[in-house]
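Input: a single structure, listed below in structure tokens.
The values are calculated or read from the model by the stated rules, or taken from the named source; none is laboratory data. This one's a predicted model, so the numbers in the text were calculated from it and none came from an experiment. Cβ placement follows ideal geometry from the backbone for every residue including glycine, while neighbour counts extend to all protein chains displayed.
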Amino acid sequence: MNPTKLAITGALVGALCVSLAARDAHGDAAPCPAWDVDYLLAANLELRDTPVGAGDGQYKIGPGNMTLRFEDRGGLPAGRAKLMTYTMRESFQIVSKNLFWTTTVTTDTRTAATPDRCWSAAEGMLDGRTLKWSTPVRGYHTDGTLTCDGSLCGKFGAPPAGTSDLRIAPHDVTLGPLAYGEDGKTFKMASTFVTKTDMPKQTGYLTLAARELRRTCVQPKPCP
């Protein structure tokens with residue numbers, strides 16, 4: 001064969017291979033079994049029932065991360081959903097003052113969910129633009145430290161003076177529905193009860209806002 005024709009033929013074959021690979025990557029030739037969608041989270045933590053109401057209020061926390069695994073429907077993530085990972089950083093300070101005392105409590109913790117043996121921490125269904133959970137989030141737990149400085153430390157359910165460990169044992173939490181925007185890449189969750197503790201004395205409600213970082217076609221492992 002003429003060398004020029006051979007080179008042209010080789011180039012065409014190479015281009016065809018690249019095209020087929022691209023089609024596979026986008027699910028045109030090889031449907032995607034499932035999609036992992038990673039989100040960056042921003043959040044507000046509302047605290048109620050704190051000692052003498054001194055720490056009641058809303059506090060910005062985060063950033064956090066969430067990964068949801070969806071079925072593939074027409075090359076897009078949809079249908080049944082699983083919560084694969086959830087983590088949230090909580091770093092904020094409460095300063096309370098009145099005529100008789102001043103107290104500062106600094107929180108530095110991390111909250112996470114605990115997947116089951118099938119790598120899922122919760123299950124739900126995306127119907128239209130709303131993801132409704134059919135199970136609670138399993139093993140929702142918090143670990144970190146509290147630092148208290150002031151007159152109220154150690155009293156009325158406030159943490160002790162100085163730095164102490166904060167451990168909230170794993171428990172089930174029922175998250176609110178995730179309401180997606182029109183682009184399908186952002187969602188919000190309205191205020192939802194997540195924790196109630198005696199030390200420190202407080203009740204926590206979580207509000208979420210998320211934006212998609214990436215979506216990845218995955219081959220789920222068989223559940224052991």
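Quick one: how many residues across the range 108-123 are basic (Lys, Arg) and part of a loop (DSSP other than H, G, I, E, B)? Walk me through it before giving the result.
Our first condition is that a residue be basic (Lys, Arg); within the range 108-123, this holds for 110, 117.
Checking the rest, the ones that are also part of a loop (DSSP other than H, G, I, E, B) come to 117.
Looking only at that region, the number is 1.
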Can you tell me which residue within the range 160-170, out of those that are out of contact with any His (no Cβ under 9 Å at 6 or more places or on another chain) and in a strand (DSSP E or B), is farthest from Gly139 (Cα to Cα)?
Gly162
Of (1) touching a Ser or Thr at 6+ places or on another chain (Cβ under 9 Å); (2) more than 24 Å from Gly57 (Cβ to Cβ); (3) not in a strand (DSSP E or B), Cys153 fails just (2)
Listed by first then second residue, the pairs whose first member lies in the range 124-140 and is outside any strand (DSSP E or B), whose partner is acidic (Asp, Glu), with beta carbons under 8 Å and at least 6 positions apart or on separate chains, are Arg129/Glu182; Ser134/Glu123; Thr135/Glu123; Pro136/Asp172
Within the range 83-112, of all residues that are within 14 Å of the chain's Cα centre (by Cα) and crowded, with 22+ Cβ neighbours inside 10 Å, the one farthest from Gly64 (Cα to Cα) is Leu83
Can you give me the number of residues within the range 148-199 that are touching a residue at least 12 places away in the same chain (Cβ under 8 Å) and within 26 Å of Leu76 (Cα to Cα)?
15
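Starting from residues that are exposed (fewer than 14 other Cβ atoms within 10 Å of the Cβ) and at pLDDT 95 or above, keep the ones in the range 192-217 and report whichever is farthest from Leu47 (Cα to Cα).
At the first step, the residues of the range 192-217 found to be exposed (fewer than 14 other Cβ atoms within 10 Å of the Cβ) are 196, 198-199, 211, 213-214, 216.
Filter again for at pLDDT 95 or above, leaving 211, 213-214, 216.
Values: Arg211: 25, Leu213: 29, Arg214: 32, Thr216: 36 Å.
Among those that are exposed (fewer than 14 other Cβ atoms within 10 Å of the Cβ) and at pLDDT 95 or above, it is Thr216.
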For Val105, indicate whether it is under 26 Å from Glu46 (Cβ atoms), without any contact (Cβ under 8 Å) to a residue 12 or more places away in the chain and assigned to a strand (DSSP E or B).
no
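Residues to consider are Gly144, Gly157; find the one that is of a type outside the set (A, V, I, L, M, F, W, C), at pLDDT below 95, more than 16 Å from the chain's Cα centre (by Cα) and assigned by TED's automatic domain parsing to the domain that holds Val194.
Working: Gly144 fails: at pLDDT below 95.
After ruling out the rest, the residue left standing is Gly157.
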